[in-house]
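The values are calculated or read from the model by the stated rules, or taken from the named source; none is laboratory data. Quantities reported herein were computed from a predicted structural model and do not represent experimental measurements. Cβ placement follows ideal geometry from the backbone for every residue including glycine, while neighbour counts extend to all protein chains displayed.
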Amino acid sequence: MIKKLLFLFLTAGGISSALTAQNLVANGNFEAGTGDVFTNWTKTNGSGNLTAETATVHGGVRSLKAISTGANEYSVQIQTDDIATVIGHNYEVSMWIKGTAGGNTVRFSTSGGTAVYGNAFTVTTGWQVCILSFTATATATKISLDLGKGTDTFYIDDVALYDITTAPTLDFILNGNLEAGTGDTFTNWSKYNGAANLTAETVEVHGGSRALKAISAGANEYNVQLVSDAMNLVVGRNYTASMWIKASVAGSTVRFSTTAASANYGPNTTIGTAWQKITYTFAAKSPSTQLNLDLGKSTTTFYIDDITFIGANVTLANEKFENETNKVVFYPNPVQDNLNISSESNVKSLIISDSTGRTVKTIKDAQNIQSVDVSGLSNGLYILSTDNNQTFKFIKN
């Protein structure tokens, strides 16, 4: 069973709970229970539409099958036991889901304290992860899977809840301190607009020896714009962008935004003449996202340094990438030296790319790749693609 194998692999690989965070959902993989009963879960609505499934699973031998009624979200609903939560802490709940028809929606909701209702998540016919981020307002919280809105059959597996406040984090920005580069160029950054107004600064710096000097154009926010390389994010997960900034004259504004399939726009923030740290937190809408510094809507000079883009570095319910006919497990994650591969069919070729899409390692025409030496890679996020159509993200520490 893939889930049990993965647990053994992670244990053998020395990955501690401090690195992968603790899943707070009891029996989130639906393995425990008999018949159509799921231990640690209560069928609160549409009980007859919630049954055990043994053929279509994301991992292990059991998943949840839910027949939607086409009525309200809560008309078919299953709920966890009470989960101990910390008031004020940020949490992330996730589930793996697929549909028979595709195009229908599901959502998460919570009870305990102030109820939270997640956005409608459109389900496809392939396994995908659905995520809701929320802040706990009670010491005990129940998570509900609201599966009634639509006319489809859903399969759900590997539900997880993580305390993101205490989980390990990762800075996805490359060259956030702007030290790398020559002249007025900044490695891992592009000048999308107002290139002449974006230059290197060596006097007004927050740290190190280089910062960004931006002369605002007094027009639109995007008329002077520095854009990061693309980052590989988890759709639905919250990320926080920050930068240190000061202005030659107080009172002008800047903002963060993103370039992605669906963009995010932060608020306009007023900047003073002393170094200040500004932040913007948002949920990722696209797996490939660039961070924009929008500096054009004013008539002043800004100095920017020490940019970060922080997101949780947790495993999504023992995250794995597999399909029904070819199960593949990669471990450990994060990895320091050797990334191991366990597959039901031989992996003969693979490509590893960094967060910019640049190929950093290739193996071709092998008999059966079972381990890859990644010790020579720099720390960061990478994507591994195999010849049997598997794609896997991993962190090199």
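Might you let me know whether region 360-374 holds any residue that is within 21 Å of THR187 (Cβ to Cβ), over 18 Å from the mean Cα position of the chain (by Cα) and part of a loop (DSSP other than H, G, I, E, B)?
The answer is no, given that none of the residues of region 360-374 is within 21 Å of THR187 (Cβ to Cβ), over 18 Å from the mean Cα position of the chain (by Cα) and part of a loop (DSSP other than H, G, I, E, B).
A single entry from LEU178, LEU145, LEU174 fulfils the requirement of being in the same structural domain as ILE307 (by TED's automatic domain parsing), surrounded by 18 or more Cβ atoms within 10 Å (Cβ to Cβ) and at pLDDT 95 or above: LEU178.
Screening ILE87 with (1) surrounded by 15 or more Cβ atoms within 10 Å (Cβ to Cβ); (2) modelled with pLDDT of 90 or more; (3) within 26 Å of the chain's Cα centre (by Cα) gives one miss only, at (1). When the residues of region 285-300 are narrowed to those that are closer than 10 Å to THR258 by Cβ and either at pLDDT 90 or above or outside the structural domain of THR253 (by TED's automatic domain parsing) (or both), which ends up surrounded by the most Cβ atoms within 10 Å (Cβ to Cβ)? Top of the filtered list is LEU291. Which of the numbered conditions does SER190 fail, given that it passes all the others? Conditions: (1) surrounded by 18 or more Cβ atoms within 10 Å (Cβ to Cβ); (2) in a strand (DSSP E or B). The single condition SER190 does not satisfy is (1). When restricted to residues that are in a strand (DSSP E or B), out of contact with any His (no Cβ under 6 Å at 6 or more places or on another chain) and not hydrophobic (A, V, I, L, M, F, W, C), region 104-159 contains 16. If you check SER94 against the conditions, is it within 19 Å of the chain's Cα centre (by Cα), part of a strand (DSSP E or B), crowded, with 18+ Cβ neighbours inside 10 Å and not assigned by TED's automatic domain parsing to the domain that holds ASN238? Spelling it out, SER94 is indeed within 19 Å of the chain's Cα centre (by Cα), part of a strand (DSSP E or B), crowded, with 18+ Cβ neighbours inside 10 Å and not assigned by TED's automatic domain parsing to the domain that holds ASN238. When you check VAL76 against the structure, is it more than 19 Å from THR100 (Cα to Cα), among the aliphatic types (A, V, I, L, M) and modelled with pLDDT of 95 or more, yes or no? No; evaluated as a whole, the condition is false for this residue. With the structure loaded, tell me whether ILE245 is of a type in the set (A, V, I, L, M) and either over 30 Å from THR135 (Cβ atoms) or in a loop (DSSP other than H, G, I, E, B) (or both) or whether it fails that test. Here the answer is no, as ILE245 does not meet what is asked.
For region 39-69, a tally of residues being modelled with pLDDT of 95 or more, in a loop (DSSP other than H, G, I, E, B) and within 28 Å of the chain's Cα centre (by Cα) returns 2.
Sort through ALA120, ALA101, ALA138 and tell me the only one that's within 26 Å of GLN290 (Cα to Cα), of a type in the set (A, V, I, L, M, F, W, C) and without any contact (Cβ under 8 Å) to a residue 60 or more places away in the chain. Don't jump to the end; show me each part of the working.
Details: ALA101 fails: within 26 Å of GLN290 (Cα to Cα); ALA138 fails: within 26 Å of GLN290 (Cα to Cα).
Residue meeting the stated conditions: ALA120.
Would region 13-23 turn up any residue that is farther than 25 Å from THR110 by Cβ and either assigned to a helix (DSSP H, G or I) or modelled with pLDDT of 95 or more (or both)? Checked region 13-23: at least one residue is farther than 25 Å from THR110 by Cβ and either assigned to a helix (DSSP H, G or I) or modelled with pLDDT of 95 or more (or both).
The single condition from (1) more than 30 Å from HIS89 (Cα to Cα); (2) without any contact (Cβ under 8 Å) to a residue 24 or more places away in the chain; (3) part of a loop (DSSP other than H, G, I, E, B) that ALA263 fails is (1). Specify the residue that is modelled with the lowest pLDDT; the eligible residues are those in region 254-274 that are polar (S, T, N, Q) and farther than 16 Å from THR240 by Cα. Checked region 254-274; the qualifying residue modelled with the lowest pLDDT is SER262.
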